[in-house]
1. Scanning segment 474-492 for residues that are more than 12 Å from Gln600 (Cα to Cα) and open to solvent by 40 Å² or more (accessible area, probe 1.4 Å), which turns out nearest to the chain's Cα centre (by Cα)?
2. Looking at Tyr7, is it closer than 20 Å to His134 by Cβ, within 26 Å of the chain's Cα centre (by Cα), more than 16 Å from ligand 2 (Cβ to nearest atom) and at pLDDT 95 or above?
3. Tell me which of these Tyr558 doesn't satisfy, since it passes every other one: (1) open to solvent by 10 Å² or more (accessible area, probe 1.4 Å); (2) under 18 Å from the mean Cα position of the chain (by Cα).
4. List pairs: first residue in segment 434-446 and touching a residue at least 40 places away in the same chain (Cβ under 8 Å), second residue in a loop (DSSP other than H, G, I, E, B) anywhere in the structure, Cβ distance under 9 angstrom, at least six positions apart or on different chains.
5. Looking at Gly176 and the list (1) without any contact (Cβ under 8 Å) to a residue 60 or more places away in the chain; (2) small (Gly, Ala, Ser); (3) within 16 Å of ligand 1 (Cβ to nearest atom), which single condition is not satisfied?
6. Pairs, please: C-beta under 6 Å, at least 6 apart or cross-chain, first residue in contact (Cβ under 8 Å) with a residue 60 or more places away in the chain and in segment 643-661, second in a strand (DSSP E or B) and open to solvent by 30 Å² or more (accessible area, probe 1.4 Å)?
7. Considering only residues that are assigned to a helix (DSSP H, G or I) and acidic (Asp, Glu), which ones fall in segment 316-348?
Amino acid sequence: MGTALIYDEEMTKYKLLWVDPACKIEVPERLTVSHEALVQSGLADRCISVPVRKATDSDILRVHSEEYLEGVKKTPYMTLEDLKEFTLQYGDVYFHQNIYHCAELAAGAALQLVDSVMTGQVRNGMALVRPPGHHSMRSAANGFCVFNNVAIAAQYAKQQYGVKRVLIVDWDVHHGQGVQYCFEDDPSVLYFSWHRYEHQNFWPKLRDSDFDSVGKEKGAGFNINVPWNKTKMQNSDYLSVFCHLLLPVAYEFCPDLVLVCAGFDSAIGDPEGEMCATPDIFAHLTHLLMNLAGGKVCAVLEGGYNLTSLAQSVCQTVQTLLGDPAPRPANLQGPCRSALESLHCARSTHRQYWPCLKHAADLPTSDISTKRFKLAEEKEDSDKEIVWPEPDKRFAPAVRAAVVLPDGVACPDGCHPFTLSEDLDPLIVNKLKEKFLKGADDRETLSTLSRLIALVDQMEKNEVCSGLALVPAITMATMCVIQHAASAPKNRVLVVCVGDWNVPKFTEDGKTLVMQFSNKVSEERASRYYIPLHLKKGFRDVSGFMQAVTGLLLPLGYQYDPSLVVLVRMSDSGLCDSVWQQLTGLLQGLAQGHTLVLMQDNEKDCVGPTGSSLLGDPAPSLGPLLAPLSEDVESVEKLRDKLKAEWKLLQNTAQDTGKDAGDCS
Ligand code: Q9C
Ligand code: ZN
């Protein structure tokens, strides 16, 4: 199942016809450079090209009023003077004789994308459109937007396909107030937006954009705003909000479809956003959404006004949708103080609606965030040219998932049986015999261990992306793999162990970080690089486990930035396939997708599901989650408290010391 790309040059054929400083950044080149970058990088060719269509009147009327539609319909026949006057009714938008036509196509593109995904023609996709949509309201154009493309697509998905729950993730740097207003009282659409706010001093300067706008009536809790009160937010700030707010809520909500208001004015270099997140962060934001809704993710372009940053960010997003491993995320030093304050406020405000946030801290007592105040003028450095390195070329190794299986276990479709091209290296064999076999000459075990070592080497060289091994002696195999991988100078290994195993002490030199989930481990042995998490019912409480994965394991993993993830599944783990596949899928955002899964040989039934996850197939939905067990939540929280000074990506309250928003120059 592929990735749809929807684009039509027709949507470049309108522009600002008069002088308006507020609108001059919304140019046709936004679309041409984005598309050209996809073509040049070869990504466009790998997508399934889906034609646009015109949204019908009845599609548009799903969200907009008849009077408004009738008004817009007249614009193709207007003189320049009429267009200017028509424009004056609205804020920060311009009209053109061809914009109605383009707006029909932009909304239609979003509908085509939903059709392609919902009918199973593709797994996911992106639509490159102009005009954008998320600011436009029932009866008003606004912020370069004419029709609300994503809101129309969400209503369409509900009405046409009977989709029960839609998640809209708005990572554009502006608040999509049009989307918020459209679904305020609708619990079937969860709208999440982060946006530059600066205590209501940043456009569109609405009180409604603050964290305390949570939705109305039945929809209370289904509108989540994270206002940024400072500029220069970085990768850590974005990832923190995903790990500690969006992901836990999204898993609890369990959408059938994910729509992304994919604006890239939240990336570095953008003149509107003035943020400092780098284009590669969009690979991770995309990846983290791709196991929701069975992988049904539709990204629709919104803003993005630095043409270089925009094109790079679009490529990162599409390449991730295509399934290529995400790049290693750079400089994740933890969120800044202002971001933590925003995250804290949003989490406390929503804890009454979402059991996964039940334990969030109280609102900070100095509730400055809810008040509007004029900011002290910051010294003007905006004309200083912001530069950042072009993201490294990403590529998927020829072998996506290599498997080491005992005789009689079938290789899952699409996986690659891993064999040694040469005879066993006598040097390695002797070392293995000495270290692991007490000198015994067990050919079978020696062959397995040698193959694992060769597999790790090929993963390190990026010839193989991920691996899966079913082994007779899992603890021995794990020790062997870890010792070998950590012996190379630049390597760092994240070991994730599910189930009972008395994990031996590794050297505490930072080259291995072990996180163990079990209902037997005790905190006593915890150390800097061995983190046990006791879960009362093991993995039978799915909510508690996912809480630990999103709020503990992912931030820890991102900050550690391993070169290899070793995922060890003990035979008693009791983890069901869908949870296991979510875990496997999410972990592949780390280490450029270099995940090596080790399982005891009596776990044959798990080979298929694991192989499929390693190939990048979406994990099945977990179903709406219940409240996690309070004991589990307490364990997770206790651990977070203990670790958050050292692992700053674990911080999620204003009290946790954050660094100030830095200077990204
Ligand atoms: N300094 C979208 O990103 N304000 N719309 C412009 C110029 C309007 C943004 C002020 C920004 C609208 C889709
Ligand atoms: Zn925007």
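1. So in segment 474-492, the residues more than 12 Å from Gln600 (Cα to Cα) come out as 479-492.
Narrowing further to those that are open to solvent by 40 Å² or more (accessible area, probe 1.4 Å): 483-484, 487, 489-490, 492.
Working: Gln483: 31, His484: 31, Ser487: 32, Pro489: 30, Lys490: 27, Arg492: 23 Å.
Of everything passing the filter in segment 474-492, Arg492 is nearest to the chain's Cα centre (by Cα).
2. In short, yes.
3. All conditions are met except number (1).
4. Phe436/Ala473
5. (1)
6. Taking only residues 6 or more apart or on different chains, not a single pair turns up.
7. Going through segment 316-348, the residues assigned to a helix (DSSP H, G or I) turn out to be 316-321, 337-348.
Across segment 316-348, the qualifying residue is only Glu341.
To keep it simple, each residue is scored yes or no on (1) charged (D, E, K, R); (2) over 23 Å from Pro412 (Cα atoms); (3) at pLDDT below 90.
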residue: Thr448; (1), (2), (3): no, no, no
residue: Gln458; (1), (2), (3): no, no, no
residue: Ala485; (1), (2), (3): no, yes, no
residue: Trp501; (1), (2), (3): no, yes, yes
residue: Thr507; (1), (2), (3): no, yes, yes
residue: Lys520; (1), (2), (3): yes, yes, yes
residue: Phe545; (1), (2), (3): no, yes, no
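The values are calculated or read from the model by the stated rules, or taken from the named source; none is laboratory data. All values derive from a computational prediction rather than experimental measurement. Don't worry about glycine lacking a Cβ; one is built from the backbone with ideal geometry, like all the others, and counts go over all protein chains shown. Surface accessibility is based on the protein's heavy atoms, side chains included, excluding ligands, DNA and RNA. Shrake-Rupley method; radii C 1.70, N 1.55, O 1.52, S 1.80 Å.
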